[in-house]
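The values are calculated or read from the model by the stated rules, or taken from the named source; none is laboratory data. Remember, predicted model here, so these are calculated numbers, not experimental data. Here the Cβ is made from the backbone with ideal geometry for all residues, glycine too, and neighbour counts use every protein chain on show.
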Amino acid sequence: MDKQEIWKSPARVRSQKSHRTQMLRGWGKLTILLTAVGAIGFSPLPMPQARGQTPPSNPNPLVQTVSPPLPRESESVSETGGEKSPNNILTSGSSGKIPSEPVLLDGRKIFSIAIAAENRAITIKQELMAIVKTDFDPNQLQVYYQFLNKQPVIYVSPHREASAKQVLTVTTLDSQLYGGIAPESLAEQWKEQIRAALLQAKIERSAEFLMHQAYLAAGIILGAIICSVLLWDEKRKLQAHRQKIRAEMPSPPPENLPQEEEQSANQNGALDAATPQETSAAQNITTLQELFAYKQKLNFNELLLGLSQLGQVVVWGSSTYFTLGMFPYTRPLQLVLISLLPPPLKMLGVSIVSYLIYRMACGIIDRAFAALETAALERNTGSRRLTLRFESAERAIKSLSGGACFSVGILCALAAVGIDLSPFIAGAGLIGLGISLASQSLIKDIINGFLILLEDQYAVGDVIAVNGVSGMVEYMNLRITQLRDGEGRLITIPNSTISLVQNLSKDWARVDFTIDVAYETDVEQALEIVRELAAEIYRDRSWREKIIEPPEVLGIDRLDHAGMMIRVWIKVKPLEHVNVAREFRRRIKPKLETAGIAIGAPQRSLLFHNELELLRLPPNGLHKEPIAPDRDRDSHL
């Protein structure tokens, strides 16, 4: 059996394409599902407008309040951050020595206060929750401050007739905590923030808001259920496919060729008639390649299984988190959920991500080495040493990628637990910059070489034409490609300079046969002879296995002074076009001679005006000066 047929059988090619399509579909489904979950979770939720939120122009006419102008916008309390926001001021100046804690209402931070007394923030929160439970009227809500013992004290009155409740006192430590802002200015800020927080709490407890959020929560849960079912179905299919792969995986072939026979086969090359040892070697190569392909399928299947399981966690984790944050009664559970993620759990998450990245890298490495090993084993039939070399190189590159993923994972884990990575990043950045500047051409070679392998532009054993040279690919790696031309010269080409590749031996080749016959030849007779010869060589058993399709006689392709050119196309197996063309030329010459058909030859006609001009010709038959034709007189040949 021909080794080319073993390697490139149509059934095998269709199986590989089908498997590649299934893998891409599975990857696409998981990506779409995870994207949909992210879109559901992170989409902004519309908030219904509440009526009656306009505060009264004078909240308490009986009490004289001091209302200094609000601080500048850049100094206002902002949870999103700013150059002078109180949240950022906490990290600088004297405020860094003052302990603080946030004041929360319905799980949302209103502002931070200095810990001047034990459980001060909890007391303030309880006072605000007691006001929320009074079911106050937003139009009658009064929030103001007045000085007591030379300190601003913030009061809240749910109704005009109700007595005001003291919520908190703005202390000197609070002022220092916010960078030394005046206590009255800070009280003015807190007063507005408390009012906004109470109005927001009132809105979120209305029936209209709760019904609106319930619909959104139901949509998120329904989307999570749909995504979970799809992921479960995909996981079930992947598990069934994994069982099928394991059942179909061939056993490793035995090394039944002695070392002397293997070396002899490598030295003598391929023979026209395959010996039993050569046939066994070819079968072993096929089995090794199939085993490698099945291992690659199994690795990718396990990667998709891990992603499907991770997708289930992401779906339910994100949906639970965002559903809890949609209602004021369950929003504090978000803080509890976040507090349950200690640094070890964050490090575990980083480890999982690093492992997934490593598995993806292993899949890419497997695909690249599969292309190289296939091409190399075709040229070195029965050589197990070459297979071992590929396996060693593959293990080395996988170890290198594993070390890189492990190092990056450690840095990410340290960053997750709050360790400053600036010194590490600065040192690595300087080293990386120096290496990249010193090896720009090498990086270009490696990237282009990787793309050549990934896109299967050519492989070892192919005949290609690139950069003005042509030859058989004798060796290639991620940096260079070496060609052996017809004169035996070894040509080394950096991969970064390869931009246009002509592969003359991939999948199939074509014989573009042309022959010129004399101008006086009978056209139909010449075409009939060529057709008979094409049918004869196609029926020949020794040449039939090299020809893919019946030869196609195109007909007369050119008429000129050299005669008539007949063109024939013959589709053949890779690298067989030269041999088939030689055999076609060898057989057509005696047939043309038997039929009396002459090969086309260039012809030249001389035009004379009269017989006397023949005497003016030099001995070599050429004029020194061209003879101008006389159009008014008859011409004689």
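Here is a yes/no grid of residues against (1) surrounded by fewer than 12 Cβ atoms within 10 Å (Cβ to Cβ); (2) assigned to a strand (DSSP E or B):
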position: LEU483; (1), (2): no, yes
position: GLY488; (1), (2): yes, no
position: SER499; (1), (2): yes, no
position: ARG510; (1), (2): no, yes
position: THR521; (1), (2): no, no
position: GLU524; (1), (2): yes, no
position: VAL530; (1), (2): no, no
position: LEU533; (1), (2): no, no
**OP:** Would you point out which residue out of ARG510, ARG531 is modelled with pLDDT of 90 or more and touching a strand residue (DSSP E or B) at 6+ places or on another chain (Cβ under 7 Å)?
**Re:** ARG531
Original post:
Can you name the condition, by its number, that VAL460 falls short on among (1) in a helix (DSSP H, G or I); (2) modelled with pLDDT of 75 or more; (3) in the same structural domain as GLU487 (by TED's automatic domain parsing)?
Top reply: (1)
Original post:
Could you count how many residues in the stretch 134-166 are hydrophobic (A, V, I, L, M, F, W, C) and either touching a Ser or Thr at 6+ places or on another chain (Cβ under 6 Å) or surrounded by 21 or more Cβ atoms within 10 Å (Cβ to Cβ) (or both)?
Top reply: 6
**OP:** Go through the stretch 539-566 residue by residue and tally those that are under 14 Å from ALA601 (Cα atoms) and among the charged types (D, E, K, R).
**Re:** 2
Original post:
Within the stretch 192-202, can one find any residue that is more than 24 Å from LEU335 (Cα to Cα), among the small types (Gly, Ala, Ser) and touching a strand residue (DSSP E or B) at 6+ places or on another chain (Cβ under 7 Å)?
Top reply: no
**OP:** State all residues of the stretch 463-476 that are touching a residue at least 24 places away in the same chain (Cβ under 8 Å), surrounded by fewer than 18 Cβ atoms within 10 Å (Cβ to Cβ) and not in a loop (DSSP other than H, G, I, E, B); if no residue qualifies, say none.
**Re:** ALA465, VAL469, SER470
Original post:
Can you name the number of the only condition in (1) over 30 Å from ILE98 (Cα atoms); (2) loosely packed, with under 13 Cβ neighbours inside 10 Å that THR172 fails?
Top reply: (1)
Original post:
Going by the structure shown, is TYR458 among the aromatic types (Phe, Trp, Tyr), in contact (Cβ under 8 Å) with a residue 12 or more places away in the chain and in contact with a Lys or Arg (Cβ under 9 Å, 6 or more places away or on another chain)?
Top reply: yes
Subject >> Candidates LEU304, LEU345, LEU298 - the one that is not in a loop (DSSP other than H, G, I, E, B) and not assigned by TED's automatic domain parsing to the domain that holds LYS235 >> reply: LEU345
Original post:
Failed condition for LEU388, given (1) surrounded by 18 or more Cβ atoms within 10 Å (Cβ to Cβ); (2) part of a helix (DSSP H, G or I); (3) at pLDDT below 70, with all others met?
Top reply: (1)
Original post:
Quick one: is ILE588 at pLDDT below 90 and not aromatic (Phe, Trp, Tyr)?
Top reply: no
**OP:** Tell me which residues, restricted to the stretch 572-600, are free of Cβ contacts under 8 Å to residues at least 60 places away in the same chain and either touching a Gly at 6+ places or on another chain (Cβ under 7 Å) or part of a helix (DSSP H, G or I) (or both).
**Re:** VAL578, ASN579, ARG582, GLU583, ARG586, ARG587, LYS589, PRO590, GLU593, THR594
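So that you can scan it fast, the table gives a plain yes or no per residue for (1) within 15 Å of ILE588 (Cβ to Cβ); (2) free of Cβ contacts under 8 Å to residues at least 60 places away in the same chain; (3) under 53 Å from the mean Cα position of the chain (by Cα):
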site: TYR519; (1), (2), (3): no, no, no
site: ALA526; (1), (2), (3): yes, no, no
site: PRO550; (1), (2), (3): no, yes, yes
site: VAL553; (1), (2), (3): yes, yes, yes
site: ASP557; (1), (2), (3): no, yes, yes
